[in-house]
Each structure stands twice: as C-alpha cells, then as structure tokens.
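Following: one structure in structure tokens, then a few remarks.
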Amino acid sequence: MTVENKKNNKAPLIVCKDLTLGYEGKPILKGLSFTVKAGDYLCIVGENGSGKSTLIKTLLGLVPPLGGTVELTGGLTQRGIGYLPQHTDVQKDFPASVREVVLSGCQGRRKNGFFYNKEEKQLAADSMERMDIQDLAKRSYRDLSGGQQQRVLLARALCAMQRVLILDEPISGLDPHATAEMYQLIYELYASGVTVIMISHDVTASLRYAEHVLHIGKQIFYGTKREYLESDLGKAVLAAEGEIGR
C-alpha cells in the first residue's frame, strides 16, 4: 500500500483543544488546538523558546497543561508513545552496550519481573535490524558516532512505541550525511504506517517529508504543508531560513 493510500480514512489519535502550556502556573503559549491522525507526519516548528519541547512533554504526560485538554484516542496511551528526546552530552556517554540501550525501551511494556522476556528481546532485535544496527549490538554505545547513536536511540524508541513516534530535534548535531540518513529512516517509518510527530529547526528540509505543519510562537498555524507554504507566515519563515543559510 502506498503512503498516499494510507492517508485515506484516518482516525484521530491525539486531539488537543485550547491548550495553555507553561510551568509552575506561568503560561508560555495559549489557545493551541490541533489534531494528529493515524499515519500522519506532523512537523512542529517555531522560534526558540516558543514552547515546542513543552508541548511534547505535555503530550507525553510529563508536564500537565495549564488549560485545555489533550485527548488520546484509538487505544493510544502515553506509555505507548515512542519518544526520541534531544541528544544531550549525558546521553552520548551511556556506559552500556547498544543492545542494553535498545532493550531499555521495553521497560514501559513490562508488568513485573526484573528480566526481559523472549518477546521483549525479539522486539529489541527487530528494532535494531530495522535501524540496521544489529552488527553493533555488543559495541559500547559511547564509542559510536553521532549518527550511530541516534539510530540506537531511535531503535529504543521503537521498542516503546505502539503507533506514535515523537522526535525532538532528531538531526541536531549530526553531519550532513548522518542527517540525510536520519531523515530517510524517519520517512521509511512513516511510510510503513507509523504516526510521526517531529520538532525541527531545519524547516526547509523537514517540509520535504511532513504532511502537516504546526507553527507555534507569536503566531500559531496548523494545517497542511501546502497551506503552510502558501501562507504569509510560512513564506516569511522559509525566506528567513534561506537568508541564514547563505
């Protein structure tokens, strides 16, 4: 089945209505409403400090909304959302093997016991194969390149995922070759039916793959990629990004 065919008859998975986001009672964003449907590829963009990461933490249940609602439907739970956070220096120095890091993504699935069962081990193996890192299973995570580490963390997120994958700046710090590979991997997951929500500062590159765009900040926009590209806001953002890249 093609990606285009999968776009038909989508059911909502995440419905956000009139959200107010912030910390300790201090709002940073108000009046946010949007819907993520099964099989969608949503790109979240906006200025630094606009609340993009706070929105992701709210969707994951790590930060409560100050107002409005987040509704998960279709049997989706917050524990079933795969999450690839921003790559930090602490993450880069995990003292564990690749296999151990990937397996740790299964922890949210475990109901009891201290050891991973056969199904969880197979899921980790399948996720490593999907990311083409099965040959790295016994390698130390901290000895890998940045691109390899991101593949490992993406495989870990797949172990936790039911139907939705959230990525926060997944190409940050990667060289151009690793960046292109990561975008392709994410697109292949989307093409296979995974619902993708991605924060990106690289608007031009991200929009090659996105189906919908959520722009937050001084202005809020939610709509299709085409609608964003044709909007005054989208044109201004892309023009500014082009100037910065010169």
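Coordinate-derived values only; no laboratory data. This one's a predicted model, so the numbers in the text were calculated from it and none came from an experiment. With ideal geometry, Cβ positions are generated from the backbone for all residues, glycine too; neighbour counts draw on all protein chains shown.
Taking a ≥ b ≥ c as the square roots of the eigenvalues of the alpha carbon gyration tensor, the chain is prolate, as a/c is not under 1.5 and a/b beats b/c.
Counted residue by residue at 0.36 nm each, then reduced by the alpha carbon distance between them, the extension gain from Lys30 to Gln86 reaches 17.8 nm. Going by neighbour counts of Cβ atoms within 10 Å, the residues Tyr183, Tyr83 line up, fewest first, as Tyr183, Tyr83.
Around the amide H of Arg163, modelled in the peptide plane, lie the amide H atoms of Gly82, all under 5 Å away and 5 or more residues distant in sequence or on another chain. Relative to the dominant Cα principal axis of the chain, helix 146-160 is inclined by about 90°. Measure nothing but the geometry: give the 0 to 90° angle between the long axis through the Cα atoms of 118-130 and the longest principal axis through the Cα atoms of the chain, rounded to 10°. Rounded to the nearest ten degrees, it is 60. Summing charges over neighbours of Ile44, with a neighbour being any other residue whose Cβ is under 11 Å away from its Cβ, gives -1 when K and R count +1 and D and E count -1. Against the main long axis of the alpha-carbon atoms of the chain, helix 176-191 sits at an angle near 90°.
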